[in-house]
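Novice: Quick one: structure below, then a few questions.
The values are calculated or read from the model by the stated rules, or taken from the named source; none is laboratory data. The model shown is predicted, which means the values in this text are computed figures rather than measured ones. Cβ sites come from the backbone with ideal geometry, for glycine too, and all protein chains shown count toward neighbours.
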Amino acid sequence: MLNIFCPHCGELRSEEEFSPAGQAHIARPLNPEACSDEEWGEYLFFRDSPRGLRHELWLHASGCRKYFNATRHTVSYEILETYKIGEQPAFTEAAGKKSAAQGVSA
Amino acid sequence: MTAINVYNQRPADIAGQSPLHHAGFEQLIGKGRPNAGVRLRERKLLGHLTLRGDAKDPAFCGGVHQALGLELPVALGLVAKGETSLQWMGPDEWLLIVPRGEEYATELRLREALAGQHIQVVNVSGGQTILELKGDKVRDMLMKSTSYDVHPDNFPVGKAVGTVFAKSQLVIRHTAENTWELLVRRSFADYIWLWLQDACAEYGLAIEA
Ligand SMILES: [Zn+2]
């Protein structure tokens, strides 16, 4: 079983306490009325499914019942970090590529 | 700003009924095995208030302290003064438990101390109950029931966690040495009571008043 660090509770908890809630960092359009159908459809229905790092929303369902973000590798399932909503991830594909180019392994 | 309808939800002339009323604990007192490893007591019909606000706002923390005489606990913390306890439930949520019948006056006191602030106080007394477990074998029983580490190194007195328990969910509170409380939702109370009887069978279960 995976242990996941809840940034609110401040400790590792077993996976069964959590539920995933999809892609993170999806900003709701500030003025939905002004969106084209395509823009609104993009916001509502389309999600990324990358092979590699993905930023996801998770819910600590049996614990503090709060959402937080996680950066997870979709191949290895490794969770590299968890962070509160409103914060930015430290691990990104872009940063990973940069460090790989510099010969630094993640 | 919406008007808030604040009223005494449990007037003294209406008898309350615990979600475990049907278990008939009164009739079970003294019938368990002598020297039972787990002794159970329902702390029923207490006043439960959910309090929400911004812990980073000194006005909120100060107001709570003024109304309750308790400091807001940080993550996974549980503080108590006499029969009143305040537990961290989430980064902006606490559970306040007061003696039976004091919830309305407490709510009014909180609302007065926090007037004008962006806060919430909700009386959830009818939605949950507390089972207090004492004895040498309580920790063994908990270990069978939850994946959370209940060793005192990880779970000292004064800590409280929401977690999975018997394929269900509840809050475990470590209130004193060999004394634990389970905060159980009303709709799960019967299931948890059945589970506890089964899980405690090997240690002996005694019901206390
Ligand atoms: Zn949590």
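Novice: Going through region A:51-81 one residue at a time, which ones are within 13 Å of the ligand (Cβ to nearest atom) and surrounded by fewer than 20 Cβ atoms within 10 Å (Cβ to Cβ)?
Specialist: A:Leu59, A:Ala61, A:Arg65, A:Tyr67
Novice: Quick one: would you say B:Glu103 is more than 16 Å from the ligand (Cβ to nearest atom), over 24 Å from B:Trp193 (Cα atoms) and touching a Lys or Arg at 6+ places or on another chain (Cβ under 9 Å)?
Specialist: yes
Novice: I've got another one for you. Need the failing condition index for B:Gly30 against (1) at positive phi; (2) at pLDDT 95 or above, just the number.
Specialist: (2)
Novice: Identify all residues within region B:151-174 that are touching a Leu at 6+ places or on another chain (Cβ under 7 Å) and touching a residue at least 24 places away in the same chain (Cβ under 8 Å); write none if there are none.
Specialist: Answer for region B:151-174, where residues must be touching a Leu at 6+ places or on another chain (Cβ under 7 Å) and touching a residue at least 24 places away in the same chain (Cβ under 8 Å): B:Gly158, B:Lys159, B:Ala160, B:Val161, B:Val171, B:Ile172, B:Arg173.
Novice: So B:Leu142 fits all but one of (1) within 14 Å of another protein chain (Cβ to nearest Cβ); (2) over 25 Å from B:Gly47 (Cβ atoms); (3) of a type in the set (A, V, I, L, M, F, W, C); what number is the exception?
Specialist: (1)
Novice: Considering only region B:147-162, state which residues are at the interface with chain A (Cβ under 7 Å from one of its Cβ atoms) and either over 14 Å from the mean Cα position of the chain (by Cα) or away from the ligand (no atom under 15 Å from the Cβ) (or both).
Specialist: Across region B:147-162, the qualifying residue is only B:Ser147.
Novice: Hey, another quick one. Of all residues in region A:1-44, count the ones that are surrounded by 12 or more Cβ atoms within 10 Å (Cβ to Cβ), of a type in the set (Ser, Thr, Tyr) and either without any contact (Cβ under 8 Å) to a residue 12 or more places away in the chain or at the interface with chain B (Cβ under 10 Å from one of its Cβ atoms) (or both).
Specialist: Selection size over region A:1-44: 1.
Novice: Right, something else. Quick check on my filter: what residues within region A:1-30 are farther than 29 Å from A:Phe46 by Cβ, aliphatic (A, V, I, L, M) and more than 12 Å from the ligand (Cβ to nearest atom)?
Specialist: A:Met1
Novice: Of the residues that sit in region B:72-127 and are of a type in the set (S, T, N, Q) and under 15 Å from the mean Cα position of the chain (by Cα), which one is nearest to the other protein chains (Cβ to nearest Cβ)?
Specialist: Looking at residues that are of a type in the set (S, T, N, Q) and under 15 Å from the mean Cα position of the chain (by Cα), I get B:Gln87.
Novice: Could you tell me whether A:Leu53 is farther than 18 Å from B:Asn154 by Cβ, away from chain B (no Cβ under 14 Å) and either in contact with a His (Cβ under 7 Å, 6 or more places away or on another chain) or in contact (Cβ under 8 Å) with a residue 60 or more places away in the chain (or both)?
Specialist: For A:Leu53, the condition - farther than 18 Å from B:Asn154 by Cβ, away from chain B (no Cβ under 14 Å) and either in contact with a His (Cβ under 7 Å, 6 or more places away or on another chain) or in contact (Cβ under 8 Å) with a residue 60 or more places away in the chain (or both) - is met.
Novice: Note down all Cβ pairs under 8 Å where the first residue falls in region B:53-67 and is farther than 18 Å from B:Ser85 by Cα, the second is of a type in the set (Asp, Glu), and they're at least six residues apart or on different chains.
Specialist: Filtered contacts from region B:53-67: B:Asp54/B:Asp92.
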